[in-house]
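These notes concern the structure reproduced below.
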Amino acid sequence: MAARIDGRKILPRAFFRRDSRAVAPALLNKILVGADGRSGRIVETEAYCGAIDPAAHTYRGKTARNATMFGPPGKMYVYFTYGMHWCCNTVCGEEGEGIGVLLRALAPLSGLEIMRAHRPKARRDRELCSGPARLTQAMGISGVHDGIDLVAGDGGFCIVDDGTPPPRNPVASGRIGVSRAAEAPWRWYVPGDTNVSRR
DNA sequence: TCTGCGATAATA
DNA sequence: ATTATCGCAGAC
């Protein structure tokens with residue numbers, strides 16, 4: 001029996017144990033849930049594909065920074081970038097593959113007041129979680145969360161399915177902010193959603 | 001609303 | 001030197 005919270009099913013490890021290019025579109029419309037009531041629907045994702053992907057952190061093999069990506073699927077890989085931002089991924093595939101999905105945008109669902117307290121710069125609700133570093137700020141994710149288990153949910157975060165299917169017509173496009181393999185259409189988003197980071 | 005650019009530091 | 005970004009300033 002799958003674990004549930006509030007009648008919503010926590011995504012099982014098998015959901016993540018496959019190619020990141022399959023997981024990324026499947027994560028659209030799932031819900032990232034935090035421990036303190038904050039939650040948001042995932043509306044934009046990007047797949048990173050390890051040894052075959054020059055844009056992936058894991059392209060050149062295991063290091064201290066990317067070690068979590070080489071661990072079991074269903075864990076959260078959190079990294080620091082541009083000298084000031086945190087971004088979070090779900091680890092995918094088999095242990096040792098080094099593949100995962102970057103969470104790029106959420107549609108805020110609950111705990112908006114707490115999100116606002118963490119993102120005073122946001123003037124509108126759609127500026128709360130519309131970007132990979134914005135959503136970590138709003139949800140309270142940082143380096144201390146690197147390696148937590150999203151399936152066990154014991155690290156304060158999990159991803160649940162409330163029955164909303166992924167969009168029938170997800171948009172695939174090139175990934176944002178990458179210089180190598182920029183043409184690979186491994187970014188997916190929910191068409192028309194105002195929380196997507198770029199139009 | 002759109003575009004260009006500076007901040008800021010770990011990684012390789 | 002580069003980077004899986006954000007937010008400000010200035011133009012329109």
| query | A:Lys62: among the basic types (Lys, Arg) and over 27 Å from A:Thr194 (Cα atoms), yes or no? | reply | yes
| task | Assess whether A:Thr81 counts as being within 13 Å of DNA strand B (Cβ to nearest atom), under 17 Å from the mean Cα position of the chain (by Cα) and loosely packed, with under 14 Cβ neighbours inside 10 Å. | result | yes
| strands (runs of 3 or more DSSP E) fully within the range A:6-54 counting 1 or more residues that are closer than 12 Å to A:Gly93 by Cβ | A:39-48
| message | Tell me the residue from A:Ala51, A:Ala26, A:Ala56 that is of a type in the set (A, V, I, L, M), in contact with a Phe, Trp or Tyr (Cβ under 9 Å, 6 or more places away or on another chain) and near DNA strand C (Cβ under 10 Å from one of its atoms), please. | response | A:Ala56
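Residue-wise test of (1) away from DNA strand B (no atom under 16 Å from the Cβ); (2) surrounded by 21 or more Cβ atoms within 10 Å (Cβ to Cβ); (3) among the basic types (Lys, Arg); (4) more than 19 Å from A:Thr136 (Cβ to Cβ).
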residue	(1), (2), (3), (4)
A:Arg8	yes, no, yes, yes
A:Phe15	yes, yes, no, yes
A:Ile42	yes, yes, no, no
A:Met69	no, yes, no, no
A:Pro73	yes, yes, no, yes
| request: Take the residues in the range A:136-158 that are acidic (Asp, Glu) and part of a loop (DSSP other than H, G, I, E, B), then tell me which one is surrounded by the most Cβ atoms within 10 Å (Cβ to Cβ). | output: A:Asp146
| field | Pair list, Cβ under 8 Å, 6 or more apart: the range A:48-64 residue without any contact (Cβ under 8 Å) to a residue 60 or more places away in the chain and within 15 Å of A:Ala181 (Cα to Cα), other residue small (Gly, Ala, Ser) and in a loop (DSSP other than H, G, I, E, B) | value | A:Gly50/A:Ala56; A:Gly50/A:Gly93; A:Gly50/A:Gly98; A:Ala51/A:Gly98; A:Ala56/A:Gly98; A:Thr58/A:Gly98
| remark: With the first residue restricted to the range A:68-96 and required to be at positive phi, and the second required to be of a type in the set (A, V, I, L, M, F, W, C) and part of a strand (DSSP E or B), Cβ contacts under 7 Å at 6 or more apart or on different chains are A:Gly74/A:Val91; A:Gly93/A:Ile99
| field | Filtered residues of the range A:83-117 (kept if farther than 23 Å from A:Asn195 by Cα and small (Gly, Ala, Ser)) | value | A:Gly83, A:Gly93, A:Gly96, A:Gly98
| query | Looking at the range A:106-132, which of its residues are closer than 18 Å to A:Tyr48 by Cα and either more than 16 Å from DNA strand B (Cβ to nearest atom) or surrounded by fewer than 16 Cβ atoms within 10 Å (Cβ to Cβ) (or both)? | reply | none
| query | Would you call A:Ile99 within 15 Å of A:Ile42 (Cα to Cα), at pLDDT 95 or above and under 17 Å from the mean Cα position of the chain (by Cα)? | reply | no
| said: When you scan the range A:167-175, do you find a residue that is within 16 Å of DNA strand B (Cβ to nearest atom), under 15 Å from the mean Cα position of the chain (by Cα) and either assigned to a helix (DSSP H, G or I) or of a type in the set (S, T, N, Q) (or both), even just one? | reply: no
| query | Among (1) under 15 Å from A:Glu94 (Cβ atoms); (2) within 10 Å of DNA strand B (Cβ to nearest atom); (3) out of contact with any Asp or Glu (no Cβ under 9 Å at 6 or more places or on another chain), which single condition is A:Thr58 missing? | reply | (3)
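The values are calculated or read from the model by the stated rules, or taken from the named source; none is laboratory data. Since this is a predicted model, take the numbers as computed values, not measurements. So basically every Cβ, Gly included, is an ideal-geometry build from the backbone, and we count neighbours across all protein chains shown.
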